[in-house]
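Report on the following structure.
The values are calculated or read from the model by the stated rules, or taken from the named source; none is laboratory data. What you are looking at is a predicted structure, and each value in this text was computed from that prediction instead of being measured. Cβ sites come from the backbone with ideal geometry, for glycine too, and all protein chains shown count toward neighbours. Remember, those area values only see protein heavy atoms, side chains included, never the ligands or the DNA or RNA. Shrake-Rupley method; radii C 1.70, N 1.55, O 1.52, S 1.80 Å.
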Amino acid sequence: MNADWEKDLEERLSEIREASLLRSIRVLEGMSEPRVRVGDREVLQFASNDYLGLAAHPLLREAAARAARDHGAGAGASRLISGTLRVHADLEDRLAAFKGAPAALAFSNGYATAVGVLPAILDKQDIAIVDKRIHACLVDGVRLSGAVLRVFAHNDLDQLERRLKWADGQRRDASGRIQHRVLILTESVFSMDGDLAPLLNIVELKEKYGAWLMVDEAHATGLYGERLGGLIEEFDLRDRVEIQMGTLGKALGASGGYVTGSRTFIDYLVQRSRSLVFSTAPSPAACAAAQAGLELLGGEEGQERRFRLWAVVDQARRLLLESGWTPEAVRSPIIPLPVGGEKEAMDLAAFLWDRCLWVPAIRYPTVERGKARLRCSLTASHTLAMLQLLAAGLKEARQVAPKEACS
Ligand SMILES: *Cc1c(COP(=O)(O)O)cnc(C)c1O
């Protein structure tokens, strides 16, 4: 190997370290549960997106094991060659029904969904108007498409409308014919802030300007809507949103990604979505686990778990307020505790870790520089006693941390 190879990488790593942005991978023994072992220590984690506690659910694990036994460990090929098995078709039927959409397409994960869908529907001359805080996979998808990327401030409807007006002006040629496609992109529940997009207003704006809308429901699916389909269902907007996407790896407890929309849209994606065409189909075990998750959501247990999750959220918010922190006003299982500096956030997370509390520090590039935070995420499996331990640790952390670090 060339001598400068390692040296170059080491220099880059030390830059990251000096900016307090170094990340490391923690190996967790056992399963995604609130109480986990990491190395020789047992910690309480407030870090996963397994909001309903389904990842460790016996029904999902059994479904995955059965699918591996009956359909094989791998799919053997990409979806368009010979990799589409009965489990994929069944999962897609169920997803479409769950989302109340005509059709669905399953991908290996949510990331692959975004980078597969966006370049398929956007060309270089098209315009994507995106919320400032959308997930990296959507930004990457737009970049891959080569479309013009315009950002509006987080949840800022006035700015969104200004961008739409601008795009509308760009769109017409001399004879007034529309030239470019315009797509608005937002999440419904934002992954690092836990707040909700004003979906109804966004839908009204996109209708007014003749744009299309794609909503990433990664953190809303399984939590909102009477049938737990997400925020679009909750706001009764299913027939007014062109594209919905999401992941099977969060509240659904499995792994995989999906997109839903019209039959024509899905037929088109099958032709043009590169992360679908050039990638091995999702494993039977993952599909079956996701299907079991969907089935569970549709029954009494899904409602019970949702009920429990919201009770946990309310208890946690009360306890956090009592411990001197001020969580944002939104009611969400994602509770960001703003800190600011990257180093301060790391120090606070380390302080909690020493007390066997795992609350991740979220830093650039996941959020903007100087907007570091602790991100507590709650699940239906957390108990009141666990929340009390969290609140006690956070109260102590506040007392030792420099004042400006905790706002
Ligand atoms: C997690 C996440 C994804 C990616 O989903 P994966 O299945 O984990 O790849 C996409 N969008 C948002 C908003 C997410 O939070």
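Worth pointing out:
- Built amide H within the under 5 Å cut-off of residue 184, gap 5+: 129, 212, 213, 214
- Of all accessible heavy-atom area on segment 312-405, the percent that carbon and sulfur account for (1.4 Å): 55
- Once the 1.4 Å probe is applied to the protein heavy atoms, segment 126-166 comes out at 45 Å² accessible per residue.
- Long-range amide H partners of residue 283 with built H, under 5 Å: none
- Normalised per residue, the accessible area of segment 1-68 is 67 Å², obtained with a 1.4 Å probe and no contribution from ligands, DNA or RNA.
- The trypsin sites (Lys or Arg not before Pro) of segment 56-126 meeting both criteria, a DSSP state outside H, G, I, E and B (loop) and at most 14 other C-beta atoms within 10 angstrom of the site's C-beta, are 124.
- Here is the list for segment 201-304: GluC sites (Glu not before Pro) lying in DSSP coil, each with at most 14 other C-beta atoms within 10 angstrom of its C-beta, are 226.
- Placing 386, 214, 1 in order of accessible area, with the largest value first and a 1.4 Å probe, yields 1, 386, 214.
- Measuring nothing but protein heavy atoms, the accessible surface of segment 57-135 at 1.4 Å probe radius is 53 percent carbon and sulfur.
- Probe 1.4 Å, accessible area per residue of segment 205-340, Å²: 39
- Approximate spin-label separation residue 29-residue 328, in nm, with each point projected 7 Å along Cα-to-Cβ: 3.7
- The HN-Hα couplings worked out from phi for segment 145-162 by the Karplus form 6.51 cos²θ - 1.76 cosθ + 1.60 (θ = phi - 60°) are 6, x, 5, 6, 9, 10, 9, 10, 4, 3, 6, 8, 5, 5, 5, 4, 5, 4 Hz, whole numbers, x standing for Gly and Pro.
- Reachable lysines from residue 165, criterion Cα separation under 16 angstrom, eight or more residues apart if same chain: 206, 208
- A full extension of the chain between residue 5 and residue 238 corresponds to an added length of 78.7 nm, given 0.36 nm per residue minus the alpha carbon distance.
- Sequence-distant lysines (8 or more away, or on other chains) whose Cα lies within less than 29 Å of residue 371: 132, 250, 343, 395, 403
- Between residue 343 and residue 172, the C-beta separation translates, for a Förster distance of 60 Å, into a calculated FRET efficiency of about 0.75.
- For the chain, the fraction of C-alpha pairs farther apart than 27 angstrom is 55 percent.
- The length gained on full extension between residue 153 and residue 136, counted as 0.36 nm times the residue separation minus their Cα-Cα distance, comes to 4.5 nm.
- Among the chymotrypsin sites (Phe, Trp or Tyr not before Pro) in segment 170-243, none is located in a DSSP loop while being surrounded by at most 11 other Cβ atoms within 10 Å of its own Cβ.
- For the chain, share of DSSP beta bridges that run antiparallel, in % to the nearest 5: 60
- Distance from segment 243-308 to segment 39-86 (C-alpha centre basis), Å: 12
- Residue with peak Gaussian network fluctuation, the chain [Cα springs, cutoff 10 Å], from 320, 13, 231: 13
- Accessible carbon and sulfur surface of segment 1-41 relative to its total accessible area, %, 1.4 Å: 51
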